[in-house]
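Heads up, the thing below is written out as structure tokens.
Computed from the coordinates by the stated procedures, all read-outs in this text should not be read as laboratory data. This structure is a prediction, so every number in the text was calculated from the model and none was measured. Every residue, glycine among them, receives a Cβ derived from its backbone with ideal geometry; neighbour counts consider all protein chains shown.
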Amino acid sequence: MTLEVALENLAADTDTWASAADTITTMSSSLAGLTLGEFVFTGRGYAAGVAYEEVRAHMESLTSTGGTELNDTVSTLRKIHADYADNEAAATARYNGMWTYDG
């Protein structure tokens, strides 16, 4: 495996994490819009409304935090990719011409 192949794999993995981050961020936004009033349910509606909101708010919090964490992971992976690419380019420039092959 060469560095070039490893960088391609890292880029593909980063895209996968970015897709997951987008999905969970969308979930969090959707959950934010699903609030209901406490009295929306009939009968024993107040307790059901309160329980619903507790679960909805908890899920929104989890997905919001998850989206933030996944986006941070994506940023870190992109920085690692850039650092490897920059280091490879710098090493190539530094060592270029140091050894020659006269065949």
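Our estimate of slack between SER19 and GLU38, defined as 0.36 nm per intervening residue step minus the Cα-Cα distance, is 3.4 nm. For trypsin sites (Lys or Arg not before Pro), the sites in the chain that DSSP calls loop and that have at most 11 other Cβ atoms within 10 Å are ARG44. Spherically averaged projected area of the convex hull of Cα atoms, the chain: 8.8 nm². Computed about the Cα centre, the dipole magnitude for segment 3-74 is approximately 540 debye when only Lys and Arg (+1) and Asp and Glu (-1) carry charge, each at its Cβ.
In this simple spin-label approximation, TYR95 and THR65 carry label points 7 Å from Cα along the Cα→Cβ vector, and these lie 4.5 nm apart.
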